[in-house]
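The values are calculated or read from the model by the stated rules, or taken from the named source; none is laboratory data. Bear in mind that the values here come from a model prediction, so they are computed numbers and not experimental data. Here the Cβ positions follow ideal geometry from the backbone for every residue, glycine too, while neighbour counts run over all protein chains shown. Just so you know, the surface numbers come from the protein's heavy atoms only, side chains and all, with ligands and any DNA or RNA stripped out. Shrake-Rupley method; radii C 1.70, N 1.55, O 1.52, S 1.80 Å.
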Amino acid sequence: MISHLRPAIVMIVLFTLLTGLAYPLAITGIAQLAFPERANGSLIERDGIVVGSSLIGQNFASERYFHGRPSATTAPDPNDSSKTIDAPFNAANSGGSNLGPTSKKLVDRVNAAIEAEFSAGRIDVVAADAVTTSASGLDPHISPRFALAQAAAVAAARGMPEAQVRALVETKVEPRLAGVIGEPRVNVLALNLALDALARAQAAR
Amino acid sequence: MNAIGLAQIAIVLAAVMAAAVPLGAHVARVLTGQRNLLSPILSPIERLFYKLSGVDPAREQSWLSYTIAMLVFSVAGFGSLYALQRFQHLLPLDPQGFDPVPADLAFNTAISFVTNTNWQNYAGETTMSHLTQMLGLTVHNFLSAATGLAMAFALARGFARAESPTVGNFWVDLTRSTLYLLLPLAIVFALVLVALGVPQTLLGSVEATTLEGAKQIIAIGPVASQEAIKELGTNGGGFFNANSAHPFESPDAITNSLEIFALLVIPFSLAFAFGRIVGDIRQGRAIAITMMIVLVVGILVAYWAEAGGNPLLTEIGVDAAPGNMEGKEVRFGVATSALFAAATTGTSTGAVNSMHDSFMPLGGLVPLFNMLMGSIAPGGVGAGLYGFLVLVVIAVFVAGLMVGRTPEYLGKKIETREMKLAMLAVLVYPLCVLGFSAASVLVKTGLDSLNNAGPHGLSEILYAFASTTDNNGSAFAGLSGNTLWYNTTLGLAMAFGRFAYVIPVLAIAGALAEKKRAPASSGTFPTHGPLFVGLLIGVIVILYLLQYFPALALGPIVEHLLLQSGKLF
């Protein structure tokens, strides 16, 4: 037993230095040199301001923008730190709703979201991703179906022709790789940035 | 279910099998002390490690000495990891200024990482400093996997050797599996992940101003280096709370497929390595095929269950075509979410790319049952192989009873002592899972942690103890595990599930190594053909259905039936 103590302690120290310090620091060094943009979170700048990460969804409330999926992320309640409050797309605390399939809370929540979709004048069957929360609460994507369903409302809010907005959505649909890997999707932040850029270009003309 | 989804699944599994064969040959060389591809670069480091720790690599250990070395090493790892969490506020690399981790949570987390479980009662981005993530959690991602490999190969040597008093040297196995297998693969995989968009920085967070002018704080850090070993070592502890569902841990479908590949490839390669070590490649192949069959059945059931969508939501107007999307990411879809769920629990990884708690009842049954079977298809790094070999021992015993001959496997007679030890190991699981679950539903503090009511609540508790006992670490994450009750009981379940299981296994290794090899005769039952594969699957199914059917009937199965009749909780 005693004879095992020295190798146990020495090996913990050595492997800590090797796998806990040298390994992550070496990867960090190489990553920062070879892939600085990706290693730092794929941040997007506009006019010198960081407006988000292309990988992380953000909360859009305005009618002028396409909305992402519902998000179940929370934040500590500023009035009572033992409780949490809803904070959609809180990128400092990822997570899903964890509601089971027979949860009344889930069905009520989805029902309320559907009511909102219908009152916004959208179509008869609602896209699944439009009313369900993602696993991370930070899903940057929506389905093409959900994006197209929002096109009319966004176009109206911006006073743009609907056809133009729909065409923009079509250009932002990312297909499956080689027709197999992944799912067709639209990056909401990229779409909204393109929308802003289009509006600016038209205003400048 | 559709053809594209099935193709997405088939591509990953085919790649795993194609890579596992050559990797298995490499693993066999590493664990039998032979020179290998990486020896020219790494053998000076290996020798330095032995020299500094006073280990004579030529001196082998008896099974008992091997076991004690493993236990002393694990206790030392537990102590250092516990201390690191408790003092993280005094140490450098804490850019977000986190407080020390509370005692009960630090206890739970330390056991969790030392046992290769990586159950997380904390949210990484709001609890652990970068130093804790690197020096503590990343290190044990390597070491707990290397420990698993060591124990599996001690057992493999028991079958491979005859009349040997020793089963190998724990320190050598630990060092060689880390240096020649886990570390090189992790370096390559981490860099691939960064190239595909996974961050790797020492910053704690970045701040963005959204298009609507709001502030968004985005947690970030050295993610890729931990992500790589988390999958390769079948650990599963995420850098972020949402684990591999977080877009920084897995930015797209390619990283998702690569991560599933990474968590399956070493466990499958071990089956092939086992065949080489015992000198009969067909034996390894039979094991790998059996593991694959059990895994694929689970994947298909989960995919089928998720692809149908939730009828309660379809009824009120939700499109059913994309499947059950609650708790799933758009870029992954249901097919690879089901694949990930089955693969992460078929191994003892426990990483998730979707929230298992929100799976359909039968979709969630698959990961749960995979863990109740002890994650043996293909199992954790090391733990899968030794867990599987225990089932092989039981299966040949059953076969021996049927034909009235002394059971043998690979020329080793399986006698009373081995059977008693095998049963001792196998019975630890139901004792822990059912015992602790029963206790938790009887105390108020156990029920207060539930996120869902009705049968799904029972599933949450059952899942937690299956996951921890099995050293898996995935969760029906609605359960609030960070309470004194669950930190303690889940911690104990992890410790029993690892050590109370593996000590009898190492004793079997010792007993087998000492035995003579019986020459094969015409009466020897062949253990490499389809008949044996079928027998093995039969034994596995009967063993685990008998143990767990009543509990499953009260959880996911009754939930499925109630859901069909529209009942809500």
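Per-structure values
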| item | result |
| --- | --- |
| Any chance B:E306 is open to solvent by less than 10 Å² (accessible area, probe 1.4 Å) and facing chain A (nearest Cβ under 9 Å) | no |
| Test result for A:P88, touching a residue at least 24 places away in the same chain (Cβ under 8 Å), more than 10 Å from chain B (Cβ to nearest Cβ), open to solvent by 20 Å² or more (accessible area, probe 1.4 Å) and out of contact with any Phe, Trp or Tyr (no Cβ under 9 Å at 6 or more places or on another chain) | yes |
| Among residues of region B:523-549, those that are more than 25 Å from B:I289 (Cβ to Cβ) and either more than 30 Å from the chain's Cα centre (by Cα) or open to solvent by less than 80 Å² (accessible area, probe 1.4 Å) (or both), counted | 0 |
| Single match in A:S94, A:S62 (criterion: surrounded by 15 or more Cβ atoms within 10 Å (Cβ to Cβ), facing another protein chain (nearest Cβ under 7 Å), outside any helix (DSSP H, G or I) and in contact with a helix residue (DSSP H, G or I) (Cβ under 9 Å, 6 or more places away or on another chain)) | A:S94 |
| Residue that is nearest to the chain's Cα centre (by Cα) [pool: residues in region B:266-288 that are of a type outside the set (A, V, I, L, M, F, W, C) and over 14 Å from B:F388 (Cα atoms)] | B:R276 |
| Criterion: assigned to a helix (DSSP H, G or I) and within 30 Å of B:G510 (Cα to Cα) - qualifying residue of B:V172, B:V194 | B:V172 |
| Output for region B:84-111, where each listed residue is open to solvent by 10 Å² or more (accessible area, probe 1.4 Å), farther than 22 Å from B:L202 by Cα and either within 12 Å of chain A (Cβ to nearest Cβ) or touching a residue at least 12 places away in the same chain (Cβ under 8 Å) (or both) | B:A103, B:D104, B:F107, B:I111 |
| Selected residue [modelled with pLDDT of 95 or more and not in a helix (DSSP H, G or I)] from B:V55, B:V16 | B:V55 |
| Residue within region B:250-266 that is closer than 30 Å to A:V125 by Cβ, among the β-branched types (V, I, T) and within 9 Å of chain A (Cβ to nearest Cβ) present | no |
| Extreme residue, farthest from B:F49 (Cα to Cα), among residues of region A:1-22 that are over 35 Å from the mean Cα position of the chain (by Cα) and more than 7 Å from every other protein chain (Cβ to nearest Cβ) | A:I2 |
| Residues within region B:56-83 that are aliphatic (A, V, I, L, M) and open to solvent by 20 Å² or more (accessible area, probe 1.4 Å), tallied | 7 |
| Residue match in region B:502-511 (condition: crowded, with 24+ Cβ neighbours inside 10 Å, in contact with an Asp or Glu (Cβ under 7 Å, 6 or more places away or on another chain), assigned by TED's automatic domain parsing to the domain that holds B:A342 and touching a residue at least 60 places away in the same chain (Cβ under 8 Å)) | yes |
| Evaluation of B:F153 against (1) among the hydrophobic types (A, V, I, L, M, F, W, C); (2) open to solvent by 10 Å² or more (accessible area, probe 1.4 Å); (3) more than 13 Å from chain A (Cβ to nearest Cβ) (one fails), failing number | (2) |
| Test: residue in region A:37-57 that is part of a helix (DSSP H, G or I), open to solvent by 20 Å² or more (accessible area, probe 1.4 Å) and at pLDDT 95 or above | yes |
| Selection status of B:A518, in contact with a strand residue (DSSP E or B) (Cβ under 7 Å, 6 or more places away or on another chain), outside any helix (DSSP H, G or I), open to solvent by 10 Å² or more (accessible area, probe 1.4 Å) and in contact (Cβ under 8 Å) with a residue 60 or more places away in the chain | yes |
| Residue in region B:325-376 that is surrounded by the most Cβ atoms within 10 Å (Cβ to Cβ), counting only those that are among the polar types (S, T, N, Q) and either assigned to a loop (DSSP other than H, G, I, E, B) or away from chain A (no Cβ under 14 Å) (or both) | B:S348 |
| Subset tally (residues that are in a helix (DSSP H, G or I) and more than 20 Å from the chain's Cα centre (by Cα)) for region B:302-313 | 8 |
| Cross-chain or 6+ apart pairs with Cβ under 6 Å, region B:133-158 first and within 26 Å of B:F240 (Cβ to Cβ), then charged (D, E, K, R) | B:N141/B:K230 |
| Breaking point among (1) surrounded by fewer than 22 Cβ atoms within 10 Å (Cβ to Cβ); (2) in a helix (DSSP H, G or I), for B:S144 | (1) |
| Residues (more than 7 Å from chain A (Cβ to nearest Cβ), open to solvent by 10 Å² or more (accessible area, probe 1.4 Å) and in a loop (DSSP other than H, G, I, E, B)) located in region B:314-324 | B:E315, B:A320, B:A321 |
| Residues satisfying the stated conditions in region A:119-142, i.e. at the interface with another protein chain (Cβ under 8 Å from one of its Cβ atoms) and either assigned to a helix (DSSP H, G or I) or farther than 29 Å from B:E559 by Cβ (or both) | A:D124, A:A128, A:D129, A:V131, A:P140, A:H141, A:I142 |
| Total residues in region B:39-55, condition in contact (Cβ under 8 Å) with a residue 12 or more places away in the chain and open to solvent by 40 Å² or more (accessible area, probe 1.4 Å) | 1 |
| Conditions (1) at pLDDT 95 or above; (2) touching a Ser or Thr at 6+ places or on another chain (Cβ under 7 Å); (3) not β-branched (V, I, T); number of the one not met by B:Y82 | (2) |
| Criterion: closer than 24 Å to B:I461 by Cα, in a helix (DSSP H, G or I) and touching a helix residue (DSSP H, G or I) at 6+ places or on another chain (Cβ under 9 Å) - qualifying residue of B:L546, B:L563, B:L536 | B:L563 |
| Elements of type helices (runs of 4 or more DSSP H) contained in region B:391-487, each with 3 or more residues being polar (S, T, N, Q) and either in the same structural domain as B:R157 (by TED's automatic domain parsing) or modelled with pLDDT of 95 or more (or both) | B:455-469 |
| The listed residue being touching a residue at least 12 places away in the same chain (Cβ under 8 Å) and open to solvent by 30 Å² or more (accessible area, probe 1.4 Å), out of A:P175, A:P184 | A:P184 |
